[in-house]
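Read through the structure below, which is laid out as structure tokens, and then see the notes.
The values are calculated or read from the model by the stated rules, or taken from the named source; none is laboratory data. Bear in mind the structure is a predicted one, so any value in this text is a computation, not a measurement. Heads up, the Cβs are rebuilt from the backbone with ideal geometry, glycines too, and the neighbour counts pull from every protein chain shown.
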Amino acid sequence: MEEIVFAGWYVDAQEPVTLKDSEPKPDVVIILGNNRDYTELHPGSNDLALVVEIADSTLERDRSYKKRI
């Protein structure tokens, strides 16, 4: 996936993103900047181009708890 991301963006996985009421850890995200930009804080909703959560083994949890996030 990293090969198709535009310059100025990067791909990360299983790292927190800061939303209004939570900090989920999506399976894959495309984030503005580079990983050194987020050493002191997590990327927020304005920093995200794509968020992917793959529901397989955690499908029930994703449909209940994570749905509220």
What are the residue pairs meeting all of these: first residue in segment 38-59, first residue at pLDDT below 95 and of a type outside the set (A, V, I, L, M), second residue assigned to a loop (DSSP other than H, G, I, E, B) and loosely packed, with under 10 Cβ neighbours inside 10 Å, Cβ atoms under 6 Å, and 6 or more apart or on different chains? none
In segment 1-11, how many residues are part of a strand (DSSP E or B) and out of contact with any Leu (no Cβ under 8 Å at 6 or more places or on another chain)? 2
Considering segment 12-49 alone, what residues qualify as being surrounded by 13 or more Cβ atoms within 10 Å (Cβ to Cβ) and in a helix (DSSP H, G or I)? Asp37, Tyr38, Asp47
